[in-house]
């Protein structure tokens, strides 16, 4: 793929709309489009330190609402992989050495990406993580994991306090801080804004969730 690299000041000089979706080891996954809601955006892998960009192959399925991306390194295969989830239960993965997208089996319990989740997928402990929501009623939300090497779904247990923010009254997201998985929640209803951040100090252990930060401010909408 290195032969296809282009030297650019930034990777999107010919496209008016762009978004950095996720990053790993100094490499950034970027999508570029002619319109803000383009169902067929161009996917790029950008190295800003050397100003080179590679155009990636396009996924078979169109981009839909609440499409999110994750980017990580698979130490088992020695390859970088991009995972794409969306609110329509579709999950695709691209291994850079292979160069093409392929569909992943649906979650065995019908869990899809939550419409109320924000940001990119969190990659830590060789797995992608996101807030998932069941396809069936009553809606059940969970913190979903997906192993980058085994390509298997899992679930990370969360505290009752965190779970209470998964039911649609707040926008929730996942992130990584100092190698620890985090969940954040932002609300901005009726002029009462708040932002909360929890960290999982011992990966996979429900009791190790700890509230790290709380901000109360009426100007907060969501982060």
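The values are calculated or read from the model by the stated rules, or taken from the named source; none is laboratory data. All of these numbers come straight from a predicted model, not from anything done at the bench. All Cβ positions, even for glycine, are placed from backbone atoms using ideal geometry, and neighbour counts span all protein chains on display.
Has the range 171-179 got any residue that is modelled with pLDDT under 80, out of contact with any strand residue (DSSP E or B) (no Cβ under 6 Å at 6 or more places or on another chain), farther than 22 Å from residue 86 by Cβ and in a loop (DSSP other than H, G, I, E, B)? No - not one qualifying residue is present in the range 171-179.
Specify the residue that is modelled with the highest pLDDT; the eligible residues are those in the range 3-33 that are in a loop (DSSP other than H, G, I, E, B) and out of contact with any strand residue (DSSP E or B) (no Cβ under 7 Å at 6 or more places or on another chain). Selected residue: 16. Considering the range 79-108, the residues that are in a loop (DSSP other than H, G, I, E, B) and under 16 Å from residue 147 (Cβ atoms) include one that is modelled with the highest pLDDT, namely 104.
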